[in-house]
1. Pull up the stretch 262-275, narrow it to residues that are on the phi < 0 side of the Ramachandran plot and surrounded by fewer than 16 Cβ atoms within 10 Å (Cβ to Cβ), then point me to the one that is farthest from the chain's Cα centre (by Cα).
2. Which residue, of 241, 234, 245, is surrounded by fewer than 22 Cβ atoms within 10 Å (Cβ to Cβ) and in contact (Cβ under 8 Å) with a residue 12 or more places away in the chain?
3. For the stretch 46-69, does any single residue satisfy the condition of being farther than 22 Å from residue 138 by Cα, touching a residue at least 40 places away in the same chain (Cβ under 8 Å) and assigned to a strand (DSSP E or B)?
4. If only one of 73, 50 is under 22 Å from residue 115 (Cα atoms) and under 18 Å from the mean Cα position of the chain (by Cα), which one is it?
5. Filter the stretch 111-148 down to residues that are on the phi < 0 side of the Ramachandran plot and either out of contact with any strand residue (DSSP E or B) (no Cβ under 6 Å at 6 or more places or on another chain) or modelled with pLDDT under 95 (or both), then give me how many there are.
6. Name the one entry in 182, 254, 192 that is within 28 Å of residue 78 (Cα to Cα) and either touching a helix residue (DSSP H, G or I) at 6+ places or on another chain (Cβ under 8 Å) or modelled with pLDDT under 95 (or both).
7. Yes or no: the stretch 59-69 includes at least one residue that is over 24 Å from residue 147 (Cα atoms), surrounded by 16 or more Cβ atoms within 10 Å (Cβ to Cβ) and in contact with a strand residue (DSSP E or B) (Cβ under 8 Å, 6 or more places away or on another chain).
8. Return the only residue of 108, 130 being in contact with a helix residue (DSSP H, G or I) (Cβ under 8 Å, 6 or more places away or on another chain) and within 30 Å of residue 32 (Cα to Cα).
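The values are calculated or read from the model by the stated rules, or taken from the named source; none is laboratory data. Keep in mind it's a predicted model, so treat the numbers as computed, not measured. Cβ coordinates were reconstructed from backbone atoms using ideal geometry, including for glycine residues, and neighbour counts include every protein chain displayed.
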């Protein structure tokens, strides 16, 4: 699998990551097999969050792999914090407590990357900066990033924290493209011209941040997969056509579509199926042409001006 550098750091990872939200549904032995399959396929960044499975996803992962052994060097360990029951919390106290809880559940000494999960309207950047500094100095977190933050929110945070923000994890798929749509429909009166995302794609590229695409195979707000979904005949027709031509699955084509976007892109897949993980990993070895990329964009129901 192709490798990328995360943001401006020297941390190298496969250009496809595994999201562990559903790992709480696996036995320890099943999780061990999923992790091994992923590593064999070149997928070495494992994305967690303190809320996944109410902490059980991290627990299962920690029991499935000994993160105090030599295998730790093969893994880029990432987790997120900030979502609580009915509210968001970027307070210093919560960030530090969350990281300590994640490390305990994972059985790890440190996280390679910590992301702030969802924007907290009550955030105090000075508090976040103090939390990051304390975690870095204690050796508990090596690098930091954000998730679902607009450029203005990220800039506010960056004006206070000393550590570089390497990543922004954002929803992006062939069937969820608001960060692309407005860029095509410049100075137009149509619905697609509305810039809802504050130039997210351009900002992450300009600031050399890695864009981790979450729910890369879902439509709507995590409303279900679009690949093989009879409600989307046109896009599936084109996905299947390209899959047959390239000898890979339609799902891998959908991931290759994201990887074709310039910049540091890293789709975060959520499958816990070993066969599917191996199939998706093939996307890294298949580059879509510009023509193929636009054919898929149009087949997804988008009009070009």
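1. 275
2. 234
3. No, that holds for no residue.
4. Within the list 73, 50, the selection yields 50.
5. 18
6. 254
7. There is at least one residue in the stretch 59-69 that is over 24 Å from residue 147 (Cα atoms), surrounded by 16 or more Cβ atoms within 10 Å (Cβ to Cβ) and in contact with a strand residue (DSSP E or B) (Cβ under 8 Å, 6 or more places away or on another chain).
8. Being in contact with a helix residue (DSSP H, G or I) (Cβ under 8 Å, 6 or more places away or on another chain) and within 30 Å of residue 32 (Cα to Cα) holds for just one of 108, 130, which is 108.
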